[in-house]
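Since the structure comes first, as C-alpha cells, the remarks are kept for the end.
What follows draws every value from the coordinates through simple rules; no lab data is involved. All figures in this text were calculated on a predicted structure; none of them were measured in a lab. Methodologically, a virtual Cβ is constructed for each residue, glycine included, from the backbone with ideal geometry; neighbour enumeration extends over all protein chains shown.
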Amino acid sequence: MHRIAMGKGRLGMQHNRIIQLLATVSVVTVVGAGMYWQHRLTPLTKTKVKATTIPTVFVAGDYARAFSTDGFVHRLSGAKLMTKALVVHVTYHGHLNIQQYAPLRHNPTIQVVFADNHHPARQARQLAVVMQHLKQHYHVNTFNAVGHSSGGNIIFDYLANTAHQTVQPRIHKFVTIASTYPHPEVALSKLPSNLPILNIAGQIWQTAGDGEVRLKGVLAFSTALKQHGFKPKTTIMHGGPLTVEHSMLHINPAVDREIVTFLYQ
C-alpha cells in the first residue's frame, strides 16, 4: 500500500509539472504574440494625418464578411487616424441595414458588407444604391473608396457606371489592393480624369505575386491608368507569407499606413 501511494504521488507531481509547463508556454506565447503585434503596429503609431469629414468606404473581396474590413477600421481607429462611423449591411435583395457608431467626422469609415458576396457585377449595382442612400440621408457628397481584391473591381465598376450621375456622391480618392482589371480601357474613359488612385500589390519574397494574384496583373492596371492620362501611385509590399500573402494584406499595418497617408495627407 505504501508503494502504491508513493507511485500515485509521483504521478501527481508529474501531472502538476506538465500543467505548469503548459501554463508557462501559454503565457510566453500570448506575451510574445502581443509584443510582435505591437511591433507590427509601429508604423501607425508614428503616422500623422489631417482630420477631414470625407468618409472612406471599405469594400472587401470575394466571399468576404465584415471581418475582412474590420481589421482596417479597428487598427486605424485605435491609432486615432480614422473613426468608425457606419456599417452598411446589404441583403441579398439589396435592402440596407445601417448601424451608426459615430458622427461622420474625423476621417470617418463606412464599411459596406454584402450578403451576396460572390457576384461583383451585382454588388456594384447594389453599391450604387448604398451610395445614393448615403448622399440623401447622411449628406455624403464626397467620399474615398478602398477595395481589396474583387472589392476593387466592385468599386471600379460602380465608378465607371455612375461617376457622372448627380444622384451619386463624388469620388475623391480610390485605393485598390491586390486587384486586377482585365481590359479596363472603356471603363477608364468614364472615370473623373483627375482621380487620384493608389494601386497596392503584394509580392512574397521574389515570387510572382501574393500567392493568389500575380504582380504582373496588378501592375498592368497602373500601366493602363498612365496610358489614359492618370497619375497613379503604385506601391509593392514586399515580405513573407505572414505579411503580404493575398489575404494577409488587409491585416497588415504597413498597408494601413500606405492607405491613410494617401487619403489624408
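Using unit Cβ charges (K, R positive; D, E negative) and no other charged atoms, how large, in debye to the nearest 20, is the dipole of region 90-242 about its Cα centre?
The dipole magnitude comes to about 400 debye.
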Handout entry: Peptides ranked, highest mean first, by Cβ atoms within 10 Å: ranges 216-227, 146-157, 109-120
Key = 146-157, 109-120, 216-227
Fill in the blank from the handout: Phi-derived 3J(HN,Hα) across region 164-180 with the Karplus relation (6.51, -1.76, 1.60, θ = phi - 60°), rounded Hz, x for Gly and Pro, is 9, 8, 6, 6, 9, x, 8, 6, 9, 8, 10, 10, 10, 10, 6, 10, 10
Problem - Cα centroid separation, region 81-120 to region 217-236 (Å) - result: 28 Å
Problem - Residues with amide H under 5 Å from that of Arg170, placed H, sequence gap 5 or more - result: Thr142, Phe143
Practice task
Do me a favour and compute the ellipsoid semi-axes for region 109-265 from its Cα gyration tensor, root of five times each eigenvalue, largest one first, whole Å.
Solution key: 25, 17, 15
Exercise for the section: Using DSSP, restrict attention to beta bridges with both residues in region 75-121 and report what percent are antiparallel, rounded to the nearest 5. Expected result: 40 percent
Completion exercise
Computed over the chain: longest principal axis from alpha-carbon atoms vs helix 253-264 long axis, angle to nearest 10 degrees, is 30 degrees
Exercise for the section: Work through the residues other than Asn161 whose Cβ is under 9 Å from its Cβ and net out their charges, Lys, Arg +1 and Asp, Glu -1. Expected result: +1
Handout entry: Packing rank of 96-104, 76-84, 130-138, where each peptide gets the mean count of other beta carbons within 10 Å, highest leading
Key = 76-84, 130-138, 96-104
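Regarding the chain, what's the average projected area of the Cα-atom convex hull, expressed in nm²?
18.9 nm²
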Practice task
Starting at the first residue of region 244-250, write each ³J(HN,Hα) from the Karplus equation 6.51 cos²θ - 1.76 cosθ + 1.60 with θ = phi - 60°, in whole Hz, x for Gly and Pro.
Solution key: 10, 4, 3, 7, 8, 4, 8
Fill in the blank from the handout: Of 203-215, 63-75, ordering from highest average Cβ density within 10 Å down gives 63-75, 203-215
Handout entry: Counted charge near Thr142, where neighbours are those whose Cβ lies closer than 13 Å (Asp, Glu -1; Lys, Arg +1)
Key = +3
Handout entry: Nearest 10 degrees, 0 to 90: helix 67-78 Cα axis against the chain principal axis
Key = 90 degrees
Practice task
As a check on your grasp of the helix formula, calculate [θ] at 222 nm for the chain: sum -39500 (n - 2.57) over DSSP H runs of n ≥ 4, divide by the residue count, round to the nearest 500.
Solution key: -14500 deg cm²/dmol
Completion exercise
Nearest-0.05 FRET efficiency for Gln132 and Glu185 at R0 = 35 Å, using Cβ-Cβ distance, is 0.85
